[in-house]
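The structure appears right after this line, and notes come after that.
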Amino acid sequence: MTTLLYRLLGASILLAVTGCQRAPMPATATLGLPPLASAPAAPDAVALGRKLFMDTRLSRNGTMSCAMCHVPEQGFAAVELSTSVGLEGRSLRRNAPSLLNVAYVGQLFHDGRAASLEQQAWDPLLNEIEMGNTGSDDVLARLRSLPDYAGKFEAAYGGPADRARVGAALASYQRTLLAGDSRFDRWRYGGQADALSLSEQAGFAIFAGKGRCIACHTVGARAALFADGRFHNTGVGAAPRHDPQRSFQVQLAPGVWTTLRARDVASVSEPLQADAGRFEVTGAARDRWAYRTPSLRNVAITGPYMHDGSIATLEEVIDFYQRGGIDNGAKDALLQRLELNEQDKRDLVAFLRSLTSAHAGALAAQTRAAPELAP
């Protein structure tokens, strides 16, 4: 009874402080999201970008598309394996982040090496083990030779396919992948006091309070991106190199995981691909093993988690932070041990599940049904 009263009181106080008791607002896909920095692109540009996004012919051997690592039905992420699979079945070193709400991300990739979606677009196209093209000229020549692209760049941009227009088209489409209007948004920003259960409300109180999640996964008074736009070292990724006895999970197939020791894996494997995170971009010692804070919007449908996909479930993520992350000599000072009991953890998971947009499935269906994708 005491625990229930504590949770009710905490949720009630939080409701009053955050001003959730507003008149109900109509549900929209952008409820809870801030205004975009620029106006939406023209429909022709968006349609062209969507066609490019789904087209395997952009890869060197015609087998890979953007949508094969950012699967529409999987929250525009890839949930089957820890890290993405690239050209000819080769494994990439990082997990594919969700593209939902990517319009709000200022520094793209886990290490922030791209400053815009337009710039980001060409990185996988020219990556040897992603889409395998040897240069942009190869991609452009291929596009110009395809009859179903005839006139499309001219209609959207007034000229033929070139590097800038391909990047602009892909960016235009990705900026339409807006997925707010979660039950949390309806509770906090839409005035629907009953949109969250008591457990979910208690979970938000923990998220904003003793869980300290909000320090990196920020929530504003009028909108929430659940990300601070910064880079943090939690110890993930570097830990196996520092502690050969450390155990970690590996996904063998969809839904099939096993636990291995780093030492055992190293004894039968090629050396792990080095990954120093943000340090690879800046060269600054403070950025070693630091990675961009991901948004927690739609987090329940976009696992596995962390930049390397090394944590399978939300429950395990919470246990990881309960331990204070992993000390690798440069761990962010924000990460300290938490004092969460089992009920706290259940409530926190319940809250995180409330961040799933009501529109994520519709975005996937609209993408698959787009007329420009018809054979």
Taking the conditions exactly as written (in contact with a strand residue (DSSP E or B) (Cβ under 8 Å, 6 or more places away or on another chain) and at pLDDT below 75), does Ala262 satisfy them or not? yes
I'd like to know if region 47-67 contains one or more residues that are crowded, with 18+ Cβ neighbours inside 10 Å, touching a Cys at 6+ places or on another chain (Cβ under 6 Å) and part of a helix (DSSP H, G or I). yes
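Of everything in region 328-371, what is of a type in the set (D, E, K, R) and either surrounded by 15 or more Cβ atoms within 10 Å (Cβ to Cβ) or out of contact with any helix residue (DSSP H, G or I) (no Cβ under 9 Å at 6 or more places or on another chain) (or both)? Give them in sequence order. I'd like the intermediate steps shown before the answer.
First, pick out the residues of region 328-371 that are of a type in the set (D, E, K, R): 331-332, 337, 339, 342, 344-347, 353, 368.
Of everything in region 328-371, those that are of a type in the set (D, E, K, R) and either surrounded by 15 or more Cβ atoms within 10 Å (Cβ to Cβ) or out of contact with any helix residue (DSSP H, G or I) (no Cβ under 9 Å at 6 or more places or on another chain) (or both) turn out to be Lys331, Asp332, Glu342, Asp344, Lys345, Arg346, Asp347, Arg353.
Filtering region 83-105 down to residues that are in a loop (DSSP other than H, G, I, E, B) and more than 25 Å from Ala362 (Cα to Cα), which residue is modelled with the highest pLDDT?
At the first step, the residues of region 83-105 found to be in a loop (DSSP other than H, G, I, E, B) are 83-84, 86, 90, 92-101, 105.
The next check asks that each one be more than 25 Å from Ala362 (Cα to Cα); those that pass are 83, 86, 90, 92-94.
Working: Thr83: 88, Gly86: 87, Arg90: 87, Leu92: 90, Arg93: 89, Arg94: 93.
Only one residue tops the list, namely Arg94.
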Restricting attention to region 134-180, report how many residues are surrounded by fewer than 22 Cβ atoms within 10 Å (Cβ to Cβ), polar (S, T, N, Q) and under 29 Å from the mean Cα position of the chain (by Cα). 3
Test Ala208 against the stated conditions and say whether it is in contact with a Pro (Cβ under 6 Å, 6 or more places away or on another chain), under 30 Å from Asp332 (Cα atoms) and touching a residue at least 60 places away in the same chain (Cβ under 8 Å). no
Where residues in region 209-222 are surrounded by fewer than 19 Cβ atoms within 10 Å (Cβ to Cβ) and touching an Asp or Glu at 6+ places or on another chain (Cβ under 9 Å), which of them is nearest to Gly75 (Cα to Cα)? Thr218
When (1) at pLDDT below 95; (2) surrounded by 19 or more Cβ atoms within 10 Å (Cβ to Cβ); (3) not charged (D, E, K, R) are applied to Ala312, the one that fails is (2)
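Of all the residues that make up region 286-305, how many are on the phi < 0 side of the Ramachandran plot and either crowded, with 23+ Cβ neighbours inside 10 Å or in a loop (DSSP other than H, G, I, E, B) (or both)?
The initial filter retains those residues of region 286-305 that are on the phi < 0 side of the Ramachandran plot, namely 286-288, 290-297, 299-305.
Among the residues that remain, those that are also either crowded, with 23+ Cβ neighbours inside 10 Å or in a loop (DSSP other than H, G, I, E, B) (or both) are: 288, 290-297, 302-304.
Qualifying residue count for the region: 12.
Could you tell me which residue of region 172-201 is nearest to Lys345 (Cα to Cα), considering only residues that are assigned to a helix (DSSP H, G or I) and in contact with a Gly (Cβ under 6 Å, 6 or more places away or on another chain)?
Initial filter on region 172-201 (assigned to a helix (DSSP H, G or I)): 172-174, 183-188, 198-201.
With the extra rule that they be in contact with a Gly (Cβ under 6 Å, 6 or more places away or on another chain), the set shrinks to 172-173, 185.
Details: Ser172: 39, Tyr173: 37, Asp185: 21 Å.
The selected residue is Asp185.
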Restricting the search to region 108-124, which residues are surrounded by fewer than 21 Cβ atoms within 10 Å (Cβ to Cβ), part of a loop (DSSP other than H, G, I, E, B) and of a type in the set (Gly, Ala, Ser)? Ala115, Ser116
Across region 189-241, the tally of residues that are under 30 Å from Asp275 (Cα atoms) and polar (S, T, N, Q) stands at 3
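With outside any loop (DSSP other than H, G, I, E, B) and more than 21 Å from Thr218 (Cβ to Cβ) as the only criterion, which of Ala330, Ala364, Ala350 stands out?
Numbers: Ala330 fails: outside any loop (DSSP other than H, G, I, E, B); Ala350 fails: more than 21 Å from Thr218 (Cβ to Cβ).
Answer to the selection: Ala364.
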Kindly evaluate Asn328 against the criterion of being touching a residue at least 40 places away in the same chain (Cβ under 8 Å) and out of contact with any Lys or Arg (no Cβ under 6 Å at 6 or more places or on another chain). yes
Mind checking which residues of region 183-208 are closer than 18 Å to His359 by Cβ, surrounded by fewer than 23 Cβ atoms within 10 Å (Cβ to Cβ) and under 22 Å from the mean Cα position of the chain (by Cα)? Arg183
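The values are calculated or read from the model by the stated rules, or taken from the named source; none is laboratory data. Here the structure is a predicted model, which is why all the values come from computation and not from measurement. Every residue, glycine as well, gets a Cβ built from its backbone with ideal geometry; the counts of neighbours run over all protein chains shown.
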